[in-house]
Every structure is written in structure tokens, then in C-alpha cells.
Amino acid sequence: MGGLKLRVPLLSPCLFLAFHASDNTSLSSFNPNFDAPLYISLSPFLQNSSTNSPRTRIRRRRTRQEEQSTQENTQEGNTKIDIDPKAMAYEKVNELNLKDTELCLGLPGRTEKIKEEQEVSCVKSNNKRLFEETRDEEESTPPTKTQIVGWPPVRSSRKNNTSVSYVKVSMDGAPYLRKIDLKTYKNYPELLKALENMFKVMIGEYCEREGYKGSGFVPTYEDKDGDWMLVGDVPWDMFSSSCKRLRIMKGSDAPALDSSL
Amino acid sequence: MTEEDSSAKMSEDVERYLKLNPPCSSSSSSSAVAFANKSGTFKSSSPPCPEHVLENVLESVLQFLTSRCDRNAVSLVCKSWYRVEAQTRFEVFIGNCYSLSPARLTHRFKGLRSIVLKGKPRFADFNLMPPNWGAQFAPWVVATAKAYPWLEKVHLKRMFVTDDDLALLADSFPGFKELTLVCCEGFGTSGIAVVANKCRQLKVLDLVESEVTDDEVDWISCFPEGESPLESLSFDCVESPINFNALEGLVVRSPFLKKLRTNRFVSLEELHRLMVRAPQLTSLGTGSFSPDNAPQGEQLPDYAAAFLACKSIVCLSGFREFRPEYLLAISPVCANLTSLNFSYANISPHMLNPIIRNCHNIRVFWALDSIRDEGLQAVAATCKELRELRIFPFDPREDSEGPVSGVGLQAISEGCRKLESILYFCQRMTNEAVTAMSENCPQLTVFRLCIMGRHRPDHVTGKPMDDGFGAIVKNCKKLTRLAVSGLLTDEAFSYIGEYGKLIRTLSVAFAGNSDKALRYVLEGCPKLQKLEIRDSPFGDAGLRSGMHRYCNMRFVWLSSCVLSLGGCRDVAQALPNVVVEVFGSDGDDDDDTVTGDYVETLYLYRSLDGPRKDAPKFVTIL
């Protein structure tokens, strides 16, 4: 499977931040043209001074809506297991213990409770993607910016409604990915037609028992919990709000559907 | 008329009366008696004391006084006037629900018909306040249920309202007419159902930007049968489906309905049906603005005809999931529109152009930055009557593309000279554009610029944004509300302190170098009422510099600054009439979370009744 492999080393941005943050002089001495989050203290690294350096909060909070949707998912008999962000957050990646580089609030030496939190809507941190196992190797993105709580100051009701719903679409054998806006489609037939046009393939019709039989291409998607699902199983609304990316698998590569499922 | 204007002079009626009947002159007693005889308000045979007569007359006069600033001034004249004013006040505005207890309210005012109550500070909207902090409506509804059986109107903002509260409200006020809940939470469709069902005189039910839990109750069906007095029904923030047939039935039997804001579960076909039923609407929230089904050819309803028939529409909003191919259907009403809200619609300049070209009378325009600088130029070219502009980010992240910039801002300033209020989100800005706006739009009272990249300087010159904001405070002499952003040094704040003499609300984030900045503002802005600051290097010295002001302010919020517990304690001890709350970012800690000296969030406010009794464990009141 072709594709760009992007691996940007974790090390350099962290060291850079460490370097800058250790300078306790006034904020105006920082180079204003540098776009990194300058005023976040890396607490395990440094002795924080109490003068003139605000502790920017980067905790992300699960909003009531997020809570609700999680509850709804479990109520509907959704058997997917929630991936516990805690478990992922401190894996070693690239030989670096990420706990050391975790940005957190407060004075150094304070034992922080690890909270289970998700940033609301489209503004998801890039960190989580790094920690999870990525099947698709084009997908590694460096944690360039951690999301700050409540910034920009846009109410969550606005964020949810206008969240970008572009998802990446890959097809086995295609040289590059495409992106589509799920919101421009109202139902599965529209989506599948668009995919067929985009990749010039025949996907065929969905059948509840056997999926996409006979066409040779199987549209799958990765949902919020990181599981790969067959496109078409769940109602459209549920699909469009939980789909994170699409992958059209070649029929021969697609694992056969177990008849017991 | 601004509050400042009205408080600067007493109402003419009162002044005139005072000239004719000075309280101390002897001649007044005979004229007072004569007057009393005419009105027949005294019962005893001996002439009533002038004071009582004066009160009666004052009552008649004060009924004409509606401005709360005037009324506050009247109440300070003397005890007698205080009493009479209290008896004749029907509307009360409480800007901070913790500034007094419900008991104090009911003790002073005996005949209230309308209550406006605000709870949490604005930064709570951005997840900076842990849940369950407070601002519960419950104690207020309990107290007012007993004291004001004739209460007609309740308007709440950022309050925690439960279904039980709504049920009590519905049960307690037989003449209840208007319920408006803005940015509230804690209730669901079941609470709304009770209100709909029991408040038989309900004219206004407006749910604005509130979180409404879906209890799966068909609340629309709960409105009673028969003709409805409804004039305004807004439920665009309700994120659950509604029974459309019931809604249609309700609209049919609401001949006085003028404002209808549907939610995104109302399709274009359904909207069409509603519009046909209610051509008298003046304000319409269009719901999803998207058809349920793919168009079937000949069966397509004539949407443009429906808009044409609704000749009275002056305000349009909604477009929650809009389909661009239907946007032109609103064309027939464009020329009459005074308010257009596209802020939930991803509209490109190309889509905007044919619409905005006809909107000559627009006064209020909200949109996403998807309209780009190009769209703003189109607005500037046509909307000469624009008073209020709000541009929200389609992609609210720090490093997203940034389709609007100083170019758009400057274009607006040149085209829309009557502009009074602006909220503008962008990725980068120039001092030049901001200065241009300050010069072109002298009527500005609200200037809120959010450069989403923190600490971003002028992207052309590389300098801080001090000069731009300085020009705003200097040139916009009517400015009462200011929100700053971008790279700002203490100098920007010195300008604010020097020129911002009318500023009542100031929002600061990621700005300033030192305590001097905070001092400039607290010493320089005499009208400052609401100060909200986050992530700025302000500490105890800065906080101390405002001691003389806090009793005269509604609140001060400082989060992620460099305050210490000791510094906050000093304020609390020096100012007994000010409540000083400190708390952390997480509400999950069950015990006292103030570990160490660092204060994550300081929220202080004046209060007549001391610290509140309902503070959760994570809040420490110093």
C-alpha cells in the first residue's frame, strides 16, 4: 500500500519548549513571531518560578453533551469498549516517556490526578492520535499544539454545529488520500455514489447480512472508539457523527464477514 | 438612551413636580390638602401629614419611571421616597444572583411583575468554571412564588434551572406570561412541557443557547387546546426532535405569533408548511433549512413563494444544516430584513453575494468567517444601516486558515459608518485596520476583537497590537464594552485606563506584561463594572490596586494569572462587602482544593448578604 510516511520526531518540539520555558524573564522577551504556545510550563522538567508566568490550563473538559452521548452509546447496546485515554497517554513513543512531557497545570511536584477528558467537538488534540496504534501509517501527526481550555472563546453549542466534518478517505491501491465533507451527504446511497465517482470504482449495494457482496470493494470506517466498522450498518446520523475516517478496502484484502456476527 | 444618560438627570416628571411642590414650604400643606381632597385618598378628618400625601402623589408620578437607574436614584432621596419607589417598582434587574438574597428582594419589593436574573459569569461558557458551581434558580423561584403571585415575566441568564423549578413556576403564577432562558442548563423537555401546559397565558417561551436535556417528552403537544396567546416561541437550541404535527397545530391556533424559531429537526418542507400557516411572522428561525428527502422534481414546494407571502419577516436565523441550492428562496424578504443570522451556516462569498446585495436595511448581521474578506466587502458595499456585526469562526482553532482579516475589518469600517457593535474572530490582524475602524466608526459602543492565535502581533509590522486598541479607546468615545486580544503590552492597558472612561465591561486574555497593566485599568476606568481576565501575568499587587473599586463593580474574574492565596485574602479581609471566591479548574475534588499558595481562579463580587451558603466544596470563600 503506497502512501506518504510522515514521522516527525517527538523530541524536538519538547526540547524547544523546555528551552524557552526555562527562561524566567518577562514575557515580552519571547519572540512574538514564534507560534508555539509559549506560556505553558512543563512542570516535571522545571523549577517553576511564581513570578510573571501564568499557568495556562490545558485540561480538556468533557462537556455535558459529551457525557450524554457516551451514555447514549452504552444505552443503545453499543458493545464497543471505550478506549481509556489514561491507558494510552503514558505509553512510550519513540523511546520517550510521555509522562515527562505531559503539559499540566499547577506547581511542580504536585501529583495530578489523571482525568478522563475530551476536548469538545472538532478541536481534538493531536496527542491522542499519536498514542493510539495507527493502522494507517500516513497518519502520524506531531503534537504541534495542545488545545487550551476555553480558547478561542466560542461557546460549545457553536462549535458542535459548525464542526468540520471532513474525513479522510483512503482506498487500497490509490496513491493519495481524499477528503470529503460528510455533511454534504444525507444518506448512504449519496455517499457511496460520491465515493464511486471519486475513485472510479464500483462499490455496489449494501446488504445487511453480507455487506457489499460481489463488488470487490468494501467501504469501511473508523469510528470514535477507534474500531473499524462496515459502512452501512448503523443509521446514517449515527454514522456521520461517529465516523472519523473512511477506507475502501479491496475485496480480496477485506476480511470475510463472520456469519456469527 | 444609555444608563449613564438616564442616571445623569432625573426624569422630567419628577423634577417638574418638585418645583411645583417643594416639600418644605408651608404653602404646600394647603395645596397638598386640596389635592388630597380631590383624590380622596385620606380617611381621617384632620388634614393628612404632607408626607403621606407626598407619597401618594409620588406613587402616581413614579409609575412613569421605568429606567432602573432613575429608580435607583429616586430611592436614595429619602426614606419616604425609598418606600414609595419600592412599592411602585414592577421590574427588577439583578445582574448577579449572589449580590443579594431572595429574602432581601421580597422584603423590599412587594409588587414585582418581572424579574431579570443573571447567574454565572461569562467565562463559564468556555469551560473555565467547574460544573455545579451554583447560580441555582431554586431559591429564587421558591421565594418569589410566595411573594409575588402576580409575577408575569422571568428572564434568566446563565442560571441553573431544574425541571422542578419550572414546575413550581408554572404552578405558582397564574398570570405568568413570559419565560426567557438564555444560556441556562439543568432542565429538560419535561420541565418545558409543564410550563407549556400550565401557563395558560403564556405569550413568550424563548429558549436561547440553553442546554435542554432530551427527556423524550412531546412538549409541543402539551400546549393547551384552543386559541393560544403565544407571541414568541424560540426553541432553536433544543437538540431533540419535536412533534411537527403538534407544532403546526399550535401555530395554526396562535394568531398573535410573531416570532418562531425552530430547531434543526424542522426540515425545509416542514418550515414551508409553517410559513404558509403563519404569514404574519416577523421573526423566523428556519431550522435546518434542508429538505428531508431528495427533491422529487415536480413535487418541490415553492419556497420562494412562501417567503414572498411572509411580507412581515424582518428577522431571519437558523440555517442549521442548510443546503446552498435553497438559499435564494429567502430573496423576497431580503429588502425588508433588519436582522440576518447566518452564524450556523457555512456560507461562501459566492453564496452570500446574491443575498446580501439586496439587504439594504440590515442592522444586525451574524455570520461565519466562511464568508471571507470578500463577503465582508459585499456587506460593506450594501449594508449601510448596519449597527451590529458578529463574525464567528467556522473552524475555531488557533492555527486554522483564517479567511477573514484586517482587510474585511477595514472594508466594514469604510462601508458601515453607523456601526455600533462588533464581535470579530480572526487569525491575524493589523493595527492599521483596527485604527481605521476607530476612525471610521465613531458610534462604536462595543468592540470585541478575538485574534485566535494567542500573543499574535500585527502580522504586517510585527509590533504588538497596542496602537490599534489604543486608537479604539481614544477615538470611540462612546465605548462601553471592550474585548482585547493578540500581543499586547502594558502600554495597551495604559491607553485603556487613560481613554476608556465609559467602559463597563472589559475582557482580557493572554495579554499584558505586568501588574501595571491591571493597575492602569482599575485606576483609570471609573465606570468599570465587569472585569474578566484569563492567562495574563497579573498578581497580588495588581489585584490590590483595585481595592477602592470592587465595592462598585459587579464582579472581577481572574483565572490562570499569578495570584496567591495571601493576596486574595487581603482583599477579602479589607472589603467585608465583597465576596471573594477561589477555586480550581476541576470540580472533581471533593475536599478543599486550595493546596499551596497558587490561586487558579478568583471570582469576586459585591454582596449585600455576605457569602453564599450553597457554595460547593471545591469553592473556597475567603
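The values are calculated or read from the model by the stated rules, or taken from the named source; none is laboratory data. These figures come from a predicted structure and were not determined experimentally. Ideal geometry is used to build each Cβ from the backbone, glycine not excepted, and the neighbour counts take in all protein chains shown. Note: areas computed on protein heavy atoms with side chains; ligands, DNA, RNA excluded. Shrake-Rupley method; radii C 1.70, N 1.55, O 1.52, S 1.80 Å.
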task: Determine if the range B:213-226 includes at least one residue that is modelled with pLDDT of 95 or more, within 14 Å of chain A (Cβ to nearest Cβ) and within 19 Å of B:Glu152 (Cβ to Cβ).
output: no
- prompt: Taking the condition within 14 Å of another protein chain (Cβ to nearest Cβ), small (Gly, Ala, Ser) and either buried (at least 21 other Cβ atoms within 10 Å of the Cβ) or on the phi < 0 side of the Ramachandran plot (or both), does B:Ser545 pass?
  reply: no
- request: Could you tell me whether any residue of the range B:98-105 is closer than 29 Å to B:Phe618 by Cβ, in a loop (DSSP other than H, G, I, E, B) and not small (Gly, Ala, Ser)?
  value: yes
statement: Within the range B:447-482, residues closer than 25 Å to A:Ile148 by Cβ and surrounded by fewer than 20 Cβ atoms within 10 Å (Cβ to Cβ) come out as B:Arg448, B:His459, B:Gly462, B:Lys463, B:Arg481
message: Looking only at the range B:364-382, count every residue that is buried (at least 17 other Cβ atoms within 10 Å of the Cβ) and part of a helix (DSSP H, G or I) and tell me the total.
response: 13
query: Does the range B:136-149 contain any residue that is closer than 30 Å to B:Gln529 by Cα, touching a residue at least 12 places away in the same chain (Cβ under 8 Å), open to solvent by less than 40 Å² (accessible area, probe 1.4 Å) and within 14 Å of another protein chain (Cβ to nearest Cβ)?
result: no
- request: Kindly indicate the residue of the range B:150-189 that is of a type in the set (S, T, N, Q) and buried (at least 19 other Cβ atoms within 10 Å of the Cβ) and also farthest from B:Pro255 (Cα to Cα) among those meeting that condition.
  value: B:Thr189
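Which residues, counting only those in the range B:416-433, are more than 25 Å from the chain's Cα centre (by Cα) and more than 18 Å from B:Asn475 (Cβ to Cβ)?
B:Gln427, B:Arg428
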- prompt: For the range A:174-183, which residues satisfy the criterion of being open to solvent by 60 Å² or more (accessible area, probe 1.4 Å) and in contact (Cβ under 8 Å) with a residue 40 or more places away in the chain?
  reply: A:Pro175, A:Tyr176, A:Lys183
- prompt: When the range B:421-435 is examined, which residues are found to be more than 14 Å from chain A (Cβ to nearest Cβ), in a helix (DSSP H, G or I) and either charged (D, E, K, R) or open to solvent by 10 Å² or more (accessible area, probe 1.4 Å) (or both)?
  reply: B:Glu432, B:Thr435
query: Of all residues in the range B:160-209, which are within 23 Å of A:Ser157 (Cβ to Cβ) and part of a helix (DSSP H, G or I)?
result: B:Asp163, B:Asp165, B:Leu166, B:Thr189, B:Ser190, B:Gly191, B:Ile192, B:Ala193, B:Val195, B:Ala196
message: From the list B:Ser514, B:Ser559, B:Ser607, exactly one residue is crowded, with 19+ Cβ neighbours inside 10 Å, among the polar types (S, T, N, Q) and within 27 Å of the chain's Cα centre (by Cα). Which is it?
response: B:Ser559
- request: Please specify each residue of the range B:320-363 satisfying the condition of being within 14 Å of chain A (Cβ to nearest Cβ) and part of a helix (DSSP H, G or I).
  value: B:Pro324, B:Glu325, B:Tyr326, B:Met351
message: Restricting to the range B:383-420, give me the number of residues that are within 14 Å of chain A (Cβ to nearest Cβ) and open to solvent by less than 50 Å² (accessible area, probe 1.4 Å).
response: 11
task: Starting from residues that are surrounded by fewer than 24 Cβ atoms within 10 Å (Cβ to Cβ) and more than 8 Å from every other protein chain (Cβ to nearest Cβ), keep the ones in the range B:529-542 and report whichever is farthest from B:Leu604 (Cα to Cα).
output: B:Ala541
task: Could you tell me whether the range B:117-135 includes any residue that is open to solvent by 50 Å² or more (accessible area, probe 1.4 Å) and in a helix (DSSP H, G or I)?
output: no
- prompt: Is the range B:456-468 home to any residue that is facing chain A (nearest Cβ under 10 Å) and of a type in the set (Gly, Ala, Ser)?
  reply: yes
field: Residues that are of a type in the set (Asp, Glu) and either touching a helix residue (DSSP H, G or I) at 6+ places or on another chain (Cβ under 9 Å) or not in a strand (DSSP E or B) (or both), drawn from the range B:383-395
entry: B:Glu385, B:Asp395
statement: With criteria (1) of a type in the set (S, T, N, Q); (2) closer than 30 Å to B:Pro576 by Cβ; (3) open to solvent by less than 30 Å² (accessible area, probe 1.4 Å), B:Ser485 comes up short on (2)
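Take B:Thr505 and tell me if it is of a type in the set (Val, Ile, Thr), modelled with pLDDT of 95 or more, under 25 Å from the mean Cα position of the chain (by Cα) and surrounded by fewer than 22 Cβ atoms within 10 Å (Cβ to Cβ).
Yes.
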query: When both residues are 6+ apart or on different chains and their Cβ atoms are under 7 Å apart, which pairs have a first residue that lies in the range A:187-208 and is more than 22 Å from A:Ser241 (Cα to Cα) and open to solvent by 60 Å² or more (accessible area, probe 1.4 Å), and a second that is among the charged types (D, E, K, R) and in a helix (DSSP H, G or I)?
result: A:Met202/A:Glu196
